[in-house]
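Engineer: If you scroll down you'll find the structure; I have some questions about it.
The values are calculated or read from the model by the stated rules, or taken from the named source; none is laboratory data. Everything numeric in this text was worked out from a predicted model, so none of it was measured. When we count neighbours, we look across all protein chains shown, and the Cβ atoms used for this are built from the backbone with ideal geometry, even at glycine.
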Amino acid sequence: MKLSKVLFQGGSNFPGKIALMLDKNILKTVADNYEVILITGTNGKTTTTSMIYSMIKNSNKQVITNNTGANMYTGIVACFILNYSFKKSNEKKFAVIEVDEANLTFVTEYITPSIITITNLFRDQMDRYGEVYTTLKKILVGVAKVPSTKLLLNGDESLFGNLNIKNDIVYYGFSTKVTENKVVDINADAKFCTICKSPYQYNFITYNHLGDFYCTGCGYKRPDLTYSVDKIIDLNTSGSTVHINHKEYYINQPGTYNIYNALCAYSLAKLLGIQDATIEHSLRTVASSFGRQETLKIEGIDVKIILVKNPAGYDEAVNTINLDTGKINLALLLNDNYADGKDISWIWDVNFERLTSLNINKIMISGIRLYDMAIRLKVAGFSSDSFLLCSDEETLLNQIKSCNGEIVYILATYTAMISLRKFLHTKGYINKLW
């Protein structure tokens, strides 16, 4: 195991692949004696997992997690193997595990988690998952194998309120509006009632199709919330101050989507009996997961790397950047590798038009599909004369270095983000690769 840690550190699935070749049932053995918590859904898995892990660790409990983002079945097996000890302990141990939506069913074949939480469902990698309803079916196949597991679900997600399952369910969500918007966007997901197919109405929308929904056709509405954001005090590019169940918390991550992540982590912590002071400290101090609102310095310039992988998440990143009233620079990286999704037509559903009102100095474009991104930005209203096309990471880095001290927001798809971080690591700008 020590050799595996040295040779295959990072996000490798290798130890899991080898172990499964030797024993297909090994997950049941290596996960024994853990109270397992699984986090799945489209957006927010890694950040939410990190927050929950921090809360349990700060409670002085033994806890492991797959913080490298290896959320496929083999990666999860590898996580348990690399933390396995032949020395038995009577101390309670937790495992907070991020799991890919399509891989949940493989994990619940061998593990009965105490809690499964599902963050949300958005169109993502449609060549792999299809529509959101298909993704939900994949998740529910895994849930059906563990009827005794408690579910913690986003009540503002309209797909989660009418499930034919045996599990006990606890819901979290917003009981206050973020904006005045009540009209769902034409490109939003899951806009129709799961019972009668009538279009949903909203008392308020938080983002995309999430919010306080109801159906005028059959009377179906959002389920009752046990945990909720009931007041928003401040939103800025550094973080948010909110009231959750009438107590103030500062969330050290910006954007409405990170309020959801924090609310999910808070709700799970409350289910585990973690003290409010520990929750408050964890939310205030939790570090960014790699590539998720990660901030670093390049030649004295603040650079923020934001993972973007689908229209819903990209729009929220755009909304967060719109909170910045200063002069900024943008770098947009678009890849179409398997892990990104081969179909990049989703960029036409992103509201890039909102960025045109900002005070932007440089617009740098890179990645395998940089020309597709350039066309999308031109249609959004940007002048193509202002585009800096960077065909490689060295060129991009040189452009960033000449940004005159102004912040650079890098919006990158998954493999573009991973590749850029590795490159910046070799240059000494990122100390910890994983």
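Engineer: Take the residues in the range 392-418 that are among the small types (G, A, S) and at pLDDT 95 or above; name whichever of them is nearest to Y314 (Cα to Cα). Show your work before the answer.
Structural biologist: In the first step, residues of the range 392-418 are kept if they are among the small types (G, A, S); the result is 402, 405, 412, 416.
Add one more test, that the residue is at pLDDT 95 or above, and what stays is 412, 416.
Details: A412: 10, A416: 15 Å.
So the residue we want is A412.
Engineer: Something else: Mind checking which residues of the range 379-394 are in a loop (DSSP other than H, G, I, E, B) and within 20 Å of N335 (Cβ to Cβ)? Outline the logic, then answer.
Structural biologist: As a first pass, look at the range 379-394 and keep what is in a loop (DSSP other than H, G, I, E, B): 381-383, 391-392.
Residues satisfying the conditions are S391, D392.
Engineer: Quick one: in the range 229-254, which of the residues that are touching a residue at least 40 places away in the same chain (Cβ under 8 Å) and either basic (K, R) or in contact with a strand residue (DSSP E or B) (Cβ under 6 Å, 6 or more places away or on another chain) (or both) is surrounded by the fewest Cβ atoms within 10 Å (Cβ to Cβ)? First the steps, then the outcome.
Structural biologist: Step one: of the range 229-254, the residues touching a residue at least 40 places away in the same chain (Cβ under 8 Å) are 229-232, 235-237, 253-254.
From what is left, the residues that are either basic (K, R) or in contact with a strand residue (DSSP E or B) (Cβ under 6 Å, 6 or more places away or on another chain) (or both) are 229-232, 253.
Numbers: V229: 26, D230: 15, K231: 13, I232: 16, Q253: 23.
By that ranking, first place goes to K231.
Engineer: Which condition breaks for I165 when tested against (1) of a type in the set (A, V, I, L, M); (2) touching a helix residue (DSSP H, G or I) at 6+ places or on another chain (Cβ under 7 Å); (3) more than 23 Å from T112 (Cα to Cα)?
Structural biologist: Going through (1) of a type in the set (A, V, I, L, M); (2) touching a helix residue (DSSP H, G or I) at 6+ places or on another chain (Cβ under 7 Å); (3) more than 23 Å from T112 (Cα to Cα) one by one, I165 breaks only (3).
Engineer: Against the condition among the charged types (D, E, K, R), out of contact with any strand residue (DSSP E or B) (no Cβ under 6 Å at 6 or more places or on another chain) and surrounded by fewer than 24 Cβ atoms within 10 Å (Cβ to Cβ), how does K137 come out, does it pass?
Structural biologist: Values: among the charged types (D, E, K, R): yes; out of contact with any strand residue (DSSP E or B) (no Cβ under 6 Å at 6 or more places or on another chain): yes; surrounded by fewer than 24 Cβ atoms within 10 Å (Cβ to Cβ): yes.
Criteria met by K137.
Engineer: I'd like the residue in the range 166-195 that is under 23 Å from I139 (Cα atoms) and at pLDDT 95 or above and, out of all such residues, is surrounded by the fewest Cβ atoms within 10 Å (Cβ to Cβ). Don't jump to the end; show me each part of the working.
Structural biologist: Pass one, the range 166-195, residues under 23 Å from I139 (Cα atoms): 166-173, 188-195.
Subsequent filtering for residues that are at pLDDT 95 or above retains 167-173.
Working: N167: 15, D168: 12, I169: 15, V170: 19, Y171: 21, Y172: 25, G173: 26.
Checked the range 166-195; the qualifying residue surrounded by the fewest Cβ atoms within 10 Å (Cβ to Cβ) is D168.
Engineer: Restricting attention to the range 376-434, report how many residues are in contact with a Phe, Trp or Tyr (Cβ under 7 Å, 6 or more places away or on another chain) and farther than 28 Å from D349 by Cα.
Structural biologist: 1
Engineer: Only one of these is over 30 Å from T149 (Cα atoms), under 16 Å from the mean Cα position of the chain (by Cα), buried (at least 18 other Cβ atoms within 10 Å of the Cβ) and of a type in the set (A, V, I, L, M, F, W, C): A312, A262, A317. Name it.
Structural biologist: Numbers: A312 fails: over 30 Å from T149 (Cα atoms); A262 fails: over 30 Å from T149 (Cα atoms).
Answer to the selection: A317.
Engineer: Let me ask another. With the condition being surrounded by fewer than 22 Cβ atoms within 10 Å (Cβ to Cβ) and in the same structural domain as I274 (by TED's automatic domain parsing), I'd like the strands (runs of 3 or more DSSP E) fully within the range 46-119 carrying at least 2 qualifying residues. Reasoning before the result, please.
Structural biologist: Working: elements: 62-65, 93-98, 115-118.
Result: 62-65, 93-98.
Engineer: Can you pull out the residues in the range 344-356 that are over 20 Å from the mean Cα position of the chain (by Cα) and touching a residue at least 24 places away in the same chain (Cβ under 8 Å)?
Structural biologist: Step one: list which residues in the range 344-356 are over 20 Å from the mean Cα position of the chain (by Cα), which gives 345, 348, 352-356.
W348, F352, E353, R354, L355, T356, listed by residue number.
Engineer: Would you be able to say whether some residue in the range 198-211 is in contact (Cβ under 8 Å) with a residue 12 or more places away in the chain, buried (at least 18 other Cβ atoms within 10 Å of the Cβ) and part of a helix (DSSP H, G or I)?
Structural biologist: Scanning the range 198-211 turns up no residue that is in contact (Cβ under 8 Å) with a residue 12 or more places away in the chain, buried (at least 18 other Cβ atoms within 10 Å of the Cβ) and part of a helix (DSSP H, G or I).
Engineer: Something else: Taking the criterion of being in a loop (DSSP other than H, G, I, E, B), modelled with pLDDT of 95 or more and not hydrophobic (A, V, I, L, M, F, W, C), would at least one residue in the range 322-335 satisfy it?
Structural biologist: Initial filter on the range 322-335 (in a loop (DSSP other than H, G, I, E, B)): 322-327, 334-335.
Next, only the ones that are modelled with pLDDT of 95 or more stay: 334-335.
After this cut, where a residue has to be not hydrophobic (A, V, I, L, M, F, W, C) as well, the list is 335.
Yes, the range 322-335 has at least one match.
Engineer: Of R284, R222, which residue is among the charged types (D, E, K, R) and closer than 30 Å to V408 by Cβ?
Structural biologist: R284
Engineer: Can you confirm whether the range 405-423 contains a residue that is outside any helix (DSSP H, G or I) and surrounded by fewer than 17 Cβ atoms within 10 Å (Cβ to Cβ)?
Structural biologist: There is at least one residue in the range 405-423 that is outside any helix (DSSP H, G or I) and surrounded by fewer than 17 Cβ atoms within 10 Å (Cβ to Cβ).
Engineer: To continue, here is another question. Does the range 25-34 contain any residue that is more than 16 Å from the chain's Cα centre (by Cα), closer than 30 Å to Y249 by Cα and either assigned by TED's automatic domain parsing to the domain that holds K309 or not aromatic (F, W, Y) (or both)?
Structural biologist: Keep residues of the range 25-34 that are more than 16 Å from the chain's Cα centre (by Cα), which gives 25-34.
Narrowing the set further to residues that are closer than 30 Å to Y249 by Cα leaves 34.
Okay, now just the ones that are also either assigned by TED's automatic domain parsing to the domain that holds K309 or not aromatic (F, W, Y) (or both), so none.
Within the range 25-34, not a single residue is more than 16 Å from the chain's Cα centre (by Cα), closer than 30 Å to Y249 by Cα and either assigned by TED's automatic domain parsing to the domain that holds K309 or not aromatic (F, W, Y) (or both).
Engineer: If a residue must be within 22 Å of the chain's Cα centre (by Cα) and over 21 Å from Y171 (Cα atoms), how many such residues does the range 214-254 contain?
Structural biologist: Result for the range 214-254: 12.
Engineer: Mind listing whichever residues of the range 39-65 are over 24 Å from K137 (Cβ atoms) and either touching a strand residue (DSSP E or B) at 6+ places or on another chain (Cβ under 8 Å) or of a type in the set (D, E, K, R) (or both)?
Structural biologist: Residues of the range 39-65 over 24 Å from K137 (Cβ atoms): 47, 50-65.
Within the range 39-65, T47, S50, I52, Y53, I56, K57, K61, Q62, V63, I64, T65 meet the criteria.
Engineer: Let me ask something additional. For the structure I just gave you, tell me whether L296 is touching a helix residue (DSSP H, G or I) at 6+ places or on another chain (Cβ under 9 Å), in a strand (DSSP E or B) and modelled with pLDDT of 95 or more.
Structural biologist: Spelling it out, it is not the case that L296 is touching a helix residue (DSSP H, G or I) at 6+ places or on another chain (Cβ under 9 Å), in a strand (DSSP E or B) and modelled with pLDDT of 95 or more.
Engineer: Another question, then. For residues that are within 17 Å of the chain's Cα centre (by Cα) and assigned to a loop (DSSP other than H, G, I, E, B), scanning just the range 120-154, find the one that is nearest to T46 (Cα to Cα).
Structural biologist: The selected residue is N120.
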